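The values are calculated or read from the model by the stated rules, or taken from the named source; none is laboratory data. No experiment lies behind these values; they were computed from the predicted model shown. Reconstructed Cβ throughout: ideal geometry from the backbone, glycine too, with neighbour counts over all protein chains shown. The accessibility values were calculated without ligands, DNA or RNA, using every heavy atom of the protein model including side chains. Shrake-Rupley method; radii C 1.70, N 1.55, O 1.52, S 1.80 Å.
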There are 2 protein chains.
Amino acid sequence: MRRDVFQAIADPIRRDIIELLAEKTLTVNSIAEKFEISRPAISKHLKILKECGLINYKKEGRERFCFIQPKNLIPAFIWIEKYRELWEDKLDSFDSYLNKLQSKTNQNE
Amino acid sequence: MRRDVFQAIADPIRRDIIELLAEKTLTVNSIAEKFEISRPAISKHLKILKECGLINYKKEGRERFCFIQPKNLIPAFIWIEKYRELWEDKLDSFDSYLNKLQSKTNQNE
DNA sequence: TATTTGCGTAACCGAATGATTACGCTTATA
DNA sequence: TATAAGCGTAATCATTCGGTTACGCAAATA
């Protein structure tokens, strides 16, 4: 069972949960109310987010408050950030492919 | 079949392919040589990357050159970027959860 | 022209994913 | 103390995922 940040944020519901928790700490039930799926399904998503270190719990009585741990998004951020230069330099599209190919060819081979 | 950037970069092999193509345009076979899995498996990953707009092909003879389209990483970048402020403000960990909870309580309710 | 190369794709398979229902355990409340 | 509320988890299921092998086709080459 792979369990990393990339896999955690691959699911749209889990991304939505993160968005919710970024605003406010919420109990499991109050999260579940915002989605169409069942509460146990939400519990599972929360478990995955917890295992990936993106959220944590704080128990208060019979309630479980979930809060975000945004720091653990950093690895994913760093990975994507590497390519920022590429897209900002417009090294994209077919034209740039040609440019790139030509310059590579001229320089390297 | 969900097919978006987040799902595309969820797989470590696909991330590695993107890393390779960020440096250099490569044929399908030359990509496959860098991994332990079979060429058809690589073809499938490439197909997914293509469907998500992260790469494209250019046919030359019987070879198929793959090149990156980094622009389509931007939506994922933007999504994560939203939380940068959160982790930079150290609104993380149990302590900050408590701070947040208290300030929320004082201000809102 | 016969063969090799580069590749896509179909068929198949086991494992993972995401959902459900059913149940049980704590904790709060009537 | 009986009941309700808040939650986790087990069992189950259909679907998706990621891999394989087998095959076929177009383009290059002998």
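For the range A:69-77, just list the computed ³J(HN,Hα) in residue order, Karplus coefficients 6.51, -1.76 and 1.60, θ = phi - 60°, integers in Hz, with x standing in for Gly and Pro.
10, x, 3, 7, 7, 4, x, 5, 4
Along Cα-to-Cβ, 7 Å out, sits the label point; list in nm, shortest first, how far the one on B:Ala41 is from those in the other copies.
List, nearest first: 3.1 nm.
Which three lengths, in whole Å and largest first, does the range A:5-70 cover when its Cα atoms are put on their principal axes?
The principal-axis extents, from largest down, are 33, 25, 20 Å.
Where does each of B:64-76, A:47-59 land if you order them by average Cβ count within 10 Å, highest first?
B:64-76, A:47-59
Hey, got the average number of other protein chain Cβ atoms within 10 angstrom for residues in B:59-68?
2
Non-local amide H neighbours of A:Leu26 (under 5 Å, H modeled in plane, Pro and chain starts lacking H): which ones?
A:Cys66
Can you tally the net charge around A:Ile13? Count Lys and Arg as +1, Asp and Glu as -1, for every other residue whose Cβ sits under 14 Å from the Cβ of A:Ile13.
Every neighbour counted, the sum reads +1.
Run the numbers on the range A:1-47: which residues show a drop of 40 Å² or more in accessible area, chain on its own versus all protein chains together, using a 1.4 Å probe over heavy atoms?
In the range A:1-47, residues shielded by partner chains: A:Arg2, A:Phe6, A:Ile9, A:Ala10, A:Arg15, A:Glu19, A:Ala22, A:Thr25.
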